[in-house]
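I have placed the structure first, in the form of structure tokens, so that the comments after it can refer back to it.
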């Protein structure tokens, strides 16, 4: 090969490399430098790890700490720096309104188990809470606990129709399979206890059941009969047959004198 041609080719390749290097350097110099990313200060706040429905108890597994911009973390949010034990403290509360996954937890949306508004939070929609007086004798010896199911028995004393002998006591079940919300002001069973003696029992009732119970309370005495735990899905309320029992009557003829008295089938 011609030596002159080799020299020319070598010079051309060298010049091309130098030109490419100079062009790349010029491009890098003309490119604006990347602006540094501003790191916003953050704090850890308590949020819902999963959806929490209205009236649902809040469990520790429903909560988690999450980084949050410090500038938008208002005083109504639960900050880990000031409330490190918040998950343990809030567990057992009732959601006053629905909470969605990732939503910050606010005290205003929770009802503590020992705070005001708790009973209203655990009542199902359309239900009423009504209390009646009980004793160990009328409350199954104290073995009725919150969330148990009971029948409400109404008893009244009437004079003997013939005017002689002892008074007649009549009893009937006016409400059946009713849920007990609380005994006194204890809405849940105490740990390790299988009985809870109190003076009042708060029952979960429909509006018409609350009317029935109120009328009965004014005209007689009430007792609670504990039902099996397996009766949770049994029919509630008061049957038509029970309602008809109160209006049935028969004539009793005693020593030639007719008297009218109430009869039950």
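Here, each number is a calculation from the coordinates, and none is a lab measurement. It should be emphasised that the depicted structure is a prediction, and the values quoted were computed from it without experimental measurement. Every residue, glycine among them, receives a Cβ derived from its backbone with ideal geometry; neighbour counts consider all protein chains shown.
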Label-point separation in nm, residue 76 to residue 159, each point 7 Å along Cα→Cβ = 6.5 nm
Please report how far the C-alpha centroid of region 203-220 lies from that of region 75-126, rounded to the nearest whole angstrom.
-> 32 Å
What are the radius of gyration and Dmax of region 42-112, computed over its Cα atoms and given in Å?
-> 11.1, 32
At q = 0.23 Å⁻¹, base-10 log of I(q)/I(0) for region 89-171 (Debye sum, equal scatterers on each alpha carbon) = -1.16
By count of other Cβ within 10 Å, fewest leading, how are 59, 109 ordered?
-> 59, 109
